Structure formats: C-alpha cells, structure tokens
Amino acid sequence: MDGNGRWAKQRLMPRVAGHRKGVEALRGVIRACAERGVTHLTVFAFSSENWRRPKEEVTLLMELFLRALENEVARLHENGIRFRVIGELSGFSGRIQTLIRDAESLTRDNTRLVFTVAANYGGRWDIVQAVKKLMAEGVAAEEVSESMLAQHLSMAEMPVPDLFIRTGGEQRISNFLLWQLAYTELYFTDALWPDFDAAALDQAIASYRTRERRFGRTSEQLRSAP
Ligand code: IPE
Ligand code: MG
C-alpha cells in the first residue's frame, strides 16, 4: 500500500492525512474483495524498515494502527472476515499486541475472507525466523525440505498468492512475501494507495486474467494438459 505521503503532499496536507485516507481505502478494498469472492487478502502495512522514518510519523502510524484495531475489528467479525497479523509483534506496544491477539482469537473461525496485515514484517525476517524454529526443533540438515520450511513461515497453511499489487508507481517487492511470491503474477500501478478503489482492483484482476500461468512448463504443455 504505497503512496499515502504523496497523496497528501499533492493536497498540501500532512503525511498523516494520507495515512488516514489510506485506512479508508483499505476498508473499501476489503469490502470489494469480500464481494468478489477473494478468499485471501494480505496487505503490507508497515515494514521492518519503516521504523527508520521520522519519529513523529512512526508515532502517528502506531496511533492509527491502534485506532484501527479498536474500531474496525468488530465490523470485520460481523462480516465473516478472519483477521491475522504477521511480523515481529514484540516491536509493538503491549496494548497493540493485546488487541491483535484478541482480534485474532475473536475472528479465528471466520471463513469468508482471510485478511492478513503484515506489520513490522519483512520477507527475509520471515525466512530467518522459520530457520530458527527448524533449528530449535532439532531438525537434521538432510531432513530440511521446501515444504518443511514453508510450514514454519508466517503464512504457513495459507495458499500462495495469485496476484501481487503494488500501488504508488515503484516496481519492486520491497521485502514483502519473498518466499511466497515465487510464481505470483505481479501488477504495478501508478495509482496512489488512497486512490485505489474497487474499480482499480477490478483493473488489476482484469490484468491478472490475461496472464498465462505456466509454473515452469511450456505453453504447449498447458494446452495439452487435461
Ligand atoms: C505507504 O505510503 C504507507 C506506509 C508505508 C505506512 P508512504 O508513506 O510510503 O507514501 P509515499 O511513498 O511517501 O507517497
Ligand atoms: Mg512509500
């Protein structure tokens, strides 16, 4: 979700106004995904690297995260949405950690849409914490497999993403779900996140529908597959 700051700057508003508008945009995208039958939505809200931003902006982002947890979770639950957070949660205040745990347990049996927020998350961090878990379990080197490693990642038991969307014009992954994105279709748009709405989502989905997903095979193989 990139481009909040630029959205605000264009309007001569403080960056935090862009972040506030970004939360609204997210609300709309969650609803649009649920309506379209998307089963999993994962958003990159705050990276392990975002702590490097000016202190005031980090404080305001934490404030917004806290308010969103307080105000939005009940509505997610009413709409049958499961809420999860992935990332190094110990980086957050005790209050935020408690709200996250409560929201996850409240919504754990909801099945309409699994909505995951990556916060204080980094794809490299995720792989390292998975390796640490494997080693702590005493798994022997020759037993380590891709599926075993995958089972220890934050997105274990979740399907790999079909479509990755980055707003705000940059064309990079920026340490998002590195492992899981191996075969994901990538979609980049200049739209700034606060402007990303249901119509913009539909454009991304339309682009996805034009892609041929081969997973390493040839086009001919796919055409002759049963
Ligand atoms: C993304 O918007 C929001 C967060 C990373 C929290 P930015 O704050 O990166 O917006 P730009 O890139 O400055 O426009
Ligand atoms: Mg940015």
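The values are calculated or read from the model by the stated rules, or taken from the named source; none is laboratory data. Model, not experiment: these values are computed from the prediction. Virtual Cβ from ideal backbone geometry, glycine too; neighbours counted across all protein chains shown.
Cβ-Cβ under 9 Å, sequence separation 6+ or interchain: first residue in the range 161-181 and crowded, with 17+ Cβ neighbours inside 10 Å and charged (D, E, K, R), partner modelled with pLDDT of 95 or more and part of a loop (DSSP other than H, G, I, E, B). Which pairs?
Short answer, once both residue conditions are applied: 166/1; 166/2; 166/172; 166/173; 166/174; 166/176; 166/189.
So, residue 64, is that one among the aliphatic types (A, V, I, L, M) and in a helix (DSSP H, G or I) or not?
Against the criterion (among the aliphatic types (A, V, I, L, M) and in a helix (DSSP H, G or I)), residue 64 qualifies.
Of the residues that sit in the range 21-40 and are within 16 Å of residue 67 (Cβ to Cβ) and not hydrophobic (A, V, I, L, M, F, W, C), which one is surrounded by the fewest Cβ atoms within 10 Å (Cβ to Cβ)?
24
Go over the candidates 43, 114, 85 one by one and state the one that is assigned to a strand (DSSP E or B), aliphatic (A, V, I, L, M), closer than 29 Å to residue 171 by Cβ and more than 16 Å from ligand 1 (Cβ to nearest atom).
The match here is 114.
Just checking, how many residues over the range 136-153 are farther than 20 Å from residue 42 by Cβ and surrounded by 11 or more Cβ atoms within 10 Å (Cβ to Cβ)?
Summing the residues that are farther than 20 Å from residue 42 by Cβ and surrounded by 11 or more Cβ atoms within 10 Å (Cβ to Cβ) in the range 136-153 gives 3.
Looking only at residues that are in a helix (DSSP H, G or I) and farther than 30 Å from residue 35 by Cβ in the range 205-221, which one is nearest to the chain's Cα centre (by Cα)?
This residue is 219.
Could you please give the count of residues in the range 154-194 that are within 16 Å of residue 45 (Cα to Cα), in a loop (DSSP other than H, G, I, E, B) and of a type in the set (Phe, Trp, Tyr)?
1
Anything in the range 9-21 that is in contact (Cβ under 8 Å) with a residue 40 or more places away in the chain and hydrophobic (A, V, I, L, M, F, W, C)? List them, or say none.
Once the filter is applied, which keeps residues that are in contact (Cβ under 8 Å) with a residue 40 or more places away in the chain and hydrophobic (A, V, I, L, M, F, W, C), the range 9-21 yields only 16.
Do the conditions hold for residue 65, that is, is it among the hydrophobic types (A, V, I, L, M, F, W, C), within 12 Å of ligand 2 (Cβ to nearest atom) and within 27 Å of residue 126 (Cβ to Cβ)?
It is false that residue 65 is among the hydrophobic types (A, V, I, L, M, F, W, C), within 12 Å of ligand 2 (Cβ to nearest atom) and within 27 Å of residue 126 (Cβ to Cβ).
Do we have residue 70 as surrounded by fewer than 16 Cβ atoms within 10 Å (Cβ to Cβ), more than 16 Å from ligand 2 (Cβ to nearest atom) and within 24 Å of residue 200 (Cβ to Cβ) here?
no
Hey, any hits in the range 98-107 for a residue that's within 18 Å of the chain's Cα centre (by Cα) and among the polar types (S, T, N, Q)?
There is at least one residue in the range 98-107 that is within 18 Å of the chain's Cα centre (by Cα) and among the polar types (S, T, N, Q).
So residue 39 fits all but one of (1) in contact with a strand residue (DSSP E or B) (Cβ under 8 Å, 6 or more places away or on another chain); (2) among the β-branched types (Val, Ile, Thr); (3) within 16 Å of ligand 2 (Cβ to nearest atom); what number is the exception?
Evaluating residue 39 over (1) in contact with a strand residue (DSSP E or B) (Cβ under 8 Å, 6 or more places away or on another chain); (2) among the β-branched types (Val, Ile, Thr); (3) within 16 Å of ligand 2 (Cβ to nearest atom) leaves (3) as the failure.
Yes or no: the range 16-27 includes at least one residue that is within 16 Å of ligand 2 (Cβ to nearest atom) and over 22 Å from residue 200 (Cα atoms).
yes
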